[in-house]
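A quick write-up on the structure given underneath.
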Amino acid sequence: MQKRLEVGQIVNTFGIKGEIKVTPFTNDIRRFDDLKKVYVKTRKESKLYNVENARYHKNMVLLKLKGINTPEEAEMLRNAFLEIDREDAIPLEEGTYFIADLLGLEVYTDEGKLLGKVEDIYNTGSKDIYVIKDELGKQVLLPGIDEVIKEVDLNNGKIIVHLIPGLV
């Protein structure tokens, strides 16, 4: 498992005091209220910042990081990703998982056939869609619903699915 989890991406600056505008990667946007520190990960480095303030504007998070005080300094962070230590993550409900923990898991049907590995998971608003890719590059899209996703076994690195008619 990864030591850090992505919680958002910096998409712009905001105002004249060095705030950054963040697209959140979390179901609960208010989780930023309790965020004390965050890693800003660029292509070149990952740097730890203390969070001075978090507020919200049109489903975006506006963060003020200690040491970033001008729009020019904030601009240098554009497109970087925000990460937190796993121990700072909000505990998940039973049966829910961090996407980072599901990526790369092998996916088997309930009949034992290997479909491939989880390549991506994206949210459509009503449910998650699992993108499964086999060794030949063929993709299968599976809805993240209880009728399809039968078991997630993080310890053994696999997911068991039931293919309802019309899925594949």
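A short reminder: the numbers here are calculations on the coordinates, not readings from a lab. What you see is a predicted model, and the numbers here were worked out from it, not measured in a lab. Glycine also receives a Cβ, built like all others from the backbone with ideal geometry; neighbour counts cover every protein chain displayed.
A simple charge model with +1 on the Cβ of Lys and Arg, -1 on the Cβ of Asp and Glu and nothing else charged puts the dipole of the stretch 28-128 at about 580 debye relative to its Cα centre. Between K150 and A100, the modelled labels are 3.1 nm apart [label points 7 Å from Cα along Cα→Cβ].
With a Förster radius of 22 Å applied to the beta-carbon distance between Q9 and K58, the computed FRET efficiency rounds to 0.90. In whole Å, what is the distance between the alpha-carbon centres of the stretch 1-74 and the stretch 127-168? First find each Cα centre; the distance between them is then 32 Å. Residues of the stretch 134-166 with an amide N closer than 14 Å to a point placed 7 Å from the Cα of K127 along the Cα-to-Cβ direction: 141-151, 161-166. When +1 charges are put on Lys and Arg Cβ atoms and -1 charges on Asp and Glu Cβ atoms, the dipole computed for the stretch 99-159 relative to its Cα centre reaches about 160 debye. When +1 charges are put on Lys and Arg Cβ atoms and -1 charges on Asp and Glu Cβ atoms, the dipole computed for the stretch 4-87 relative to its Cα centre reaches about 60 debye. Let me make sure I get this right: for the stretch 99-159, a, b and c are the square roots of the gyration tensor eigenvalues over alpha carbons, sorted descending. Under 1.5 in a/c it's rounded, otherwise prolate if a/b > b/c, else oblate. Which is it? In terms of gyration-tensor shape, rounded. When the Gaussian network model of the chain links Cα atoms closer than 10 Å, the mean-square fluctuations of N12, N27, N50 top out at N27.
How charged is the neighbourhood of G137? Take every other residue with its Cβ under 12 Å from the Cβ of G137, and add Lys/Arg as +1 and Asp/Glu as -1. Mind showing how you got there, number by number?
Numbers: positive: K117, K133, K138; negative: E119, D134, E135.
So the environment of G137 carries a net charge of 0.
Neighbours of E119 by Cβ distance under 14 Å: Lys/Arg scored +1, Asp/Glu scored -1, total -2.
For the chain, what's the relative contact order in percent, using C-alpha pairs closer than 8 Å and at least 6 residues apart? Before the final figure, lay out each step's value.
On the way: 326 pairs, mean separation 31.4, N = 168.
Taking the mean separation of contacting Cα pairs over the length of the chain, I get 19 percent.
Farthest toward the positive end of the dipole of the chain, out of N12, V148, H162, is the Cα of N12, where the dipole comes from beta carbon charges about the Cα centre. The alpha carbons of the stretch 4-87 occupy a box of 31, 30, 19 Å along the principal axes, longest dimension given first.
Using the Cβ of R55 as centre and a radius below 13 Å, the other residues enclosed give a net charge of +2, where K and R count +1 and D and E count -1.
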